[in-house]
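Right, one structure below, let's go through it.
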Amino acid sequence: MSAADAGAPPPPAQTPARPAAPPSASLPAWRRALGSSPAYMFVVLLVLVAVFSLLAPETFPTAANGRNVLTDVAVLLVMAVGTTYVLVAGGFDLSQGSVLVFSGVAAAKTMEALGGQGAGTVLVGVAVGLAAGTAWGLANGLVITRLGVPALITTLGSTGAALGAAQLLSDGTDVRTVPDALISVAVQRPLTLSWLVWVAALVALVGGLVLATTRYGRHTQLIGSNAESARRAGIAVDRHTASLYVLNGALAGLAGLMSLTRFATTTISGHTTDGLQVITGVVLGGTSLFGGVGTVLGTVIGMFIPGVLNNGFVVLNVQAFWQQVAVGVVLVVAVYVDQLKRRRRNAA
């Protein structure tokens, strides 16, 4: 080593090169928002509203029909919030419709047994309905996390079991002895909207804030992105996953009470496609079936697409069978688009 080299300062330490940020990360927040799935689905929703308004200008774009759409979507939206959490965590649940029916029947039979018409009877029925939905959610969560049965098989079994249990409780017939205090809730219209709409809005608001801003929401997203990484980070994955199914069951129970309030009967056979519509709306809103991605805001937008489709077909006097075909096709397209986006993210 020469004298010149000995007196020279040591070369600066080289730091490892940082990986280049994905192109979308350099875009402003508003540009990323406009390019998101909820934004695209909002445009689709506006197109649907415009088409049905042109086809039925005297009946579809009215305030009364708008209130009908909001009320129709309200019950499904409550279930969709819970389903969003389950799907974001990489889970799956097909049993919401049957749990809704069982919870409504359990509440109605309890109120019938009490025989009262006042608020006290209703409060007991509400507690029983919520407990029934929560119990089914807990059963799903424990079977999935403790016994290791796949979520698809577990909730498929719960779909039949909950519906069968509801029919056993009611002897296969709808319960129509609903207290007057509960029926009166359905006819009230604070700020021109049903209480059911306000309940759904509150559930969506709280659910969206929890998922987006709290540790519970971040843990849910991390589990859906990589469950093993979540375990290594110290998250109790099984316990958290079970709690998501409990939440989903409780919200299905609440939806059952809302349906009972609206129709003043249990409508046992009227919820066969609820699970399909809920999953369709959640996936349309940008929640990935593979976990890790999803927002409640997107779910709200997505839930209105099948809601507007169904309402528009009714207004146009289209056969109910075509409504089911349309919702099924929309679900397949939504899943296909989700797969394309997933492949694009993995290739980036």
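The values are calculated or read from the model by the stated rules, or taken from the named source; none is laboratory data. Everything quoted here is computed from the prediction, not taken from an experiment. Counting neighbours? That spans all protein chains shown, and the Cβs are built from the backbone with ideal geometry, glycine included. To get the accessible areas, we keep the full protein, side chains included, count just its heavy atoms, and leave off ligands, DNA and RNA. Shrake-Rupley method; radii C 1.70, N 1.55, O 1.52, S 1.80 Å.
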Practice task
Might you let me know whether the stretch 96-111 holds any residue that is among the polar types (S, T, N, Q), in contact (Cβ under 8 Å) with a residue 40 or more places away in the chain, open to solvent by less than 50 Å² (accessible area, probe 1.4 Å) and within 18 Å of Thr280 (Cβ to Cβ)?
Solution key: yes
Problem - Leu70 being assigned to a helix (DSSP H, G or I) and open to solvent by less than 50 Å² (accessible area, probe 1.4 Å) - result: no
Practice task
For the stretch 52-62, name all the residues that are in contact (Cβ under 8 Å) with a residue 60 or more places away in the chain and either part of a helix (DSSP H, G or I) or in contact with a strand residue (DSSP E or B) (Cβ under 9 Å, 6 or more places away or on another chain) (or both).
Solution key: Phe52, Leu55
Exercise for the section: Give just the number: which of (1) hydroxyl-bearing (Ser, Thr, Tyr); (2) without any contact (Cβ under 8 Å) to a residue 24 or more places away in the chain; (3) farther than 30 Å from Ala64 by Cα does Thr155 not satisfy? Expected result: (2)
Problem - helices (runs of 4 or more DSSP H) enclosed by the stretch 270-348 - at least 3 residues per element that are surrounded by fewer than 14 Cβ atoms within 10 Å (Cβ to Cβ) - result: 320-347
Practice task
Return yes or no: is Ser243 open to solvent by 20 Å² or more (accessible area, probe 1.4 Å), hydroxyl-bearing (Ser, Thr, Tyr) and more than 18 Å from Val293 (Cβ to Cβ)?
Solution key: yes
Handout entry: Pick from the stretch 179-192, criterion in contact with a helix residue (DSSP H, G or I) (Cβ under 7 Å, 6 or more places away or on another chain) and not in a helix (DSSP H, G or I), ranking: modelled with the highest pLDDT
Key = Pro179
Practice task
Please specify each residue of the stretch 159-180 satisfying the condition of being among the aliphatic types (A, V, I, L, M), open to solvent by 50 Å² or more (accessible area, probe 1.4 Å) and over 30 Å from Val237 (Cα atoms).
Solution key: Leu168, Leu169
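Can we say Leu156 is within 23 Å of Val81 (Cβ to Cβ), open to solvent by 50 Å² or more (accessible area, probe 1.4 Å) and of a type outside the set (Phe, Trp, Tyr)?
Working: within 23 Å of Val81 (Cβ to Cβ): yes; open to solvent by 50 Å² or more (accessible area, probe 1.4 Å): yes; of a type outside the set (Phe, Trp, Tyr): yes.
Here the answer is yes, as Leu156 does meet what is asked.
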Handout entry: helices (runs of 4 or more DSSP H) contained entirely in the stretch 193-243, each with at least 2 residues that are among the aromatic types (Phe, Trp, Tyr)
Key = 195-213
Handout entry: Qualifying positions in the stretch 123-134 - open to solvent by 20 Å² or more (accessible area, probe 1.4 Å) and touching a helix residue (DSSP H, G or I) at 6+ places or on another chain (Cβ under 7 Å)
Key = Val124, Val126, Val128, Leu130, Thr134
